[in-house]
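Asks: I have a structure here, written as structure tokens, and I will follow up with some questions on it.
The values are calculated or read from the model by the stated rules, or taken from the named source; none is laboratory data. These figures come from a predicted structure and were not determined experimentally. Every residue, glycine as well, gets a Cβ built from its backbone with ideal geometry; the counts of neighbours run over all protein chains shown.
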Amino acid sequence: MSRIERRFAQLKQEGRAGLVIYLIAGDPDPETSFALFSGLAAAGADLVEIGMPFSDPMADGPSIQAAGQRALKAGTTLRSTLAMVRRLREADPDTPYVLMGYYNPIYRYGAEAFARDAVAAGVDGAIIVDLPPEEDEELGGPARAAGLDIVRLATPTSDEARLPAITGHASGFIYYVAITGITGTRSADAASVRVAVDRLRRFTQLPIAVGFGIKNPEQAAEVAKAADAAAIGTVIVDRLAFNLNPDGTAKPGLVDAVLTDIRALAAGVRAARRSGAG
């Protein structure tokens, strides 16, 4: 079993959903970023999404765009991101790490080399926002050969004619984007999430994580009643940004402030199914 499969099996055995936390590699600087990622599992993150900073992140709202710019300004590259994962993996053999971002940096790196090097560094999967199923064999073939899961995205506009293409050849889990639009804008609607997850389950046996539009522990708990995991990014990135100095450097309490928020989100997710429905 892969680390992703083991983690979702463990969550199922515990009778709860998981918490997926997203941060961008290298934000606001390499060492602060490493300290943040190092603390995520202990704070309650069951899976970790590591954003690959990119200059034109078209699916992301202002918060994550700004985080990507900070990371790029700090010198973060795809190679340095993989090097950070290698450091993280040395201390944590179990937490699944999933890279999330856009195809351009991977294209420049080379799909085969990326898949090989990512797995060697300890990466378990990749979510490539701008690579639809019709176009992802260029990466999907090398990824399958290397043992790297390609996590595909479904959205509110993915109809029943489209879903077989999305779920076919997907691996790891399915990421359901709960809102139409960019990250960090509207909130996810719990009722529509339940309907969407139920529909997705007719097309795949993979676990389903729901992200985009989850802003607080209460919303995370609602999602956790329906889905196998709640994925949260913008609100965490916003907390990080709130703890920056005017020049963009980290204030002394940044890591603790971010991890405190994650502990609250984890508590909401873990209590969701104990509180009744779901």
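Asks: Hey, can you tell me all the residues within the range 122-132 that are more than 11 Å from the chain's Cα centre (by Cα), free of Cβ contacts under 8 Å to residues at least 40 places away in the same chain and buried (at least 19 other Cβ atoms within 10 Å of the Cβ)?
Replies: G122, L131
Asks: Output the number of the condition that M58 fails; it satisfies all remaining conditions of (1) surrounded by fewer than 17 Cβ atoms within 10 Å (Cβ to Cβ); (2) within 15 Å of the chain's Cα centre (by Cα); (3) of a type in the set (A, V, I, L, M, F, W, C).
Replies: (2)
Asks: Checking S55 against (1) without any contact (Cβ under 8 Å) to a residue 60 or more places away in the chain; (2) in contact with a Lys or Arg (Cβ under 8 Å, 6 or more places away or on another chain), only one condition comes out false. Which one?
Replies: Here S55 meets the rest and fails (2).
Asks: Please determine whether any residue of the range 140-151 is at pLDDT below 95, crowded, with 20+ Cβ neighbours inside 10 Å and touching a Phe, Trp or Tyr at 6+ places or on another chain (Cβ under 8 Å).
Replies: no
Asks: Among the residues of the range 65-107, which ones are crowded, with 21+ Cβ neighbours inside 10 Å, among the β-branched types (V, I, T) and more than 24 Å from G172 (Cα to Cα)?
Replies: The answer is T76, and nothing else.
Asks: Check whether at least one residue in the range 44-51 is surrounded by fewer than 23 Cβ atoms within 10 Å (Cβ to Cβ), at positive phi and either of a type in the set (F, W, Y) or touching a Leu at 6+ places or on another chain (Cβ under 8 Å) (or both), and report yes or no.
Replies: Checking the range 44-51: at least one residue is surrounded by fewer than 23 Cβ atoms within 10 Å (Cβ to Cβ), at positive phi and either of a type in the set (F, W, Y) or touching a Leu at 6+ places or on another chain (Cβ under 8 Å) (or both).
Asks: Among the residues of the range 209-238, which ones are among the β-branched types (V, I, T) and either surrounded by fewer than 21 Cβ atoms within 10 Å (Cβ to Cβ) or more than 18 Å from R152 (Cα to Cα) (or both)?
Replies: Matches in the range 209-238: I214, V223, T234, V235, I236, V237.
Asks: Going by the conditions given, is A230 among the aliphatic types (A, V, I, L, M), touching a strand residue (DSSP E or B) at 6+ places or on another chain (Cβ under 7 Å) and modelled with pLDDT of 95 or more? Outline the logic, then answer.
Replies: On the way: among the aliphatic types (A, V, I, L, M): yes; touching a strand residue (DSSP E or B) at 6+ places or on another chain (Cβ under 7 Å): yes; modelled with pLDDT of 95 or more: yes.
So A230 fits the description; yes.
Asks: Sticking with this one: For N104, which of the numbered conditions (1) closer than 20 Å to A71 by Cβ; (2) part of a loop (DSSP other than H, G, I, E, B); (3) polar (S, T, N, Q) fails to hold?
Replies: Of (1) closer than 20 Å to A71 by Cβ; (2) part of a loop (DSSP other than H, G, I, E, B); (3) polar (S, T, N, Q), only one is false for N104: (2).
Asks: From Y107, Y102, grab the single residue that is within 26 Å of L19 (Cβ to Cβ) and not polar (S, T, N, Q). Write out each step before concluding.
Replies: Numbers: Y107 fails: within 26 Å of L19 (Cβ to Cβ).
Going through Y107, Y102 in turn, the sole match is Y102.
Asks: For residues that are of a type in the set (D, E, K, R) and not in a helix (DSSP H, G or I), tally how many sit in the range 205-243. Working first, answer last.
Replies: Initial filter on the range 205-243 (of a type in the set (D, E, K, R)): 215, 218, 222, 225, 228, 238-239.
Next, only the ones that are not in a helix (DSSP H, G or I) stay: 215, 228.
The qualifying residues number 2.
Asks: For I236, state whether it is at pLDDT 95 or above and touching a strand residue (DSSP E or B) at 6+ places or on another chain (Cβ under 7 Å).
Replies: Numbers: at pLDDT 95 or above: yes; touching a strand residue (DSSP E or B) at 6+ places or on another chain (Cβ under 7 Å): yes.
Judged against the criteria, I236 is a match.
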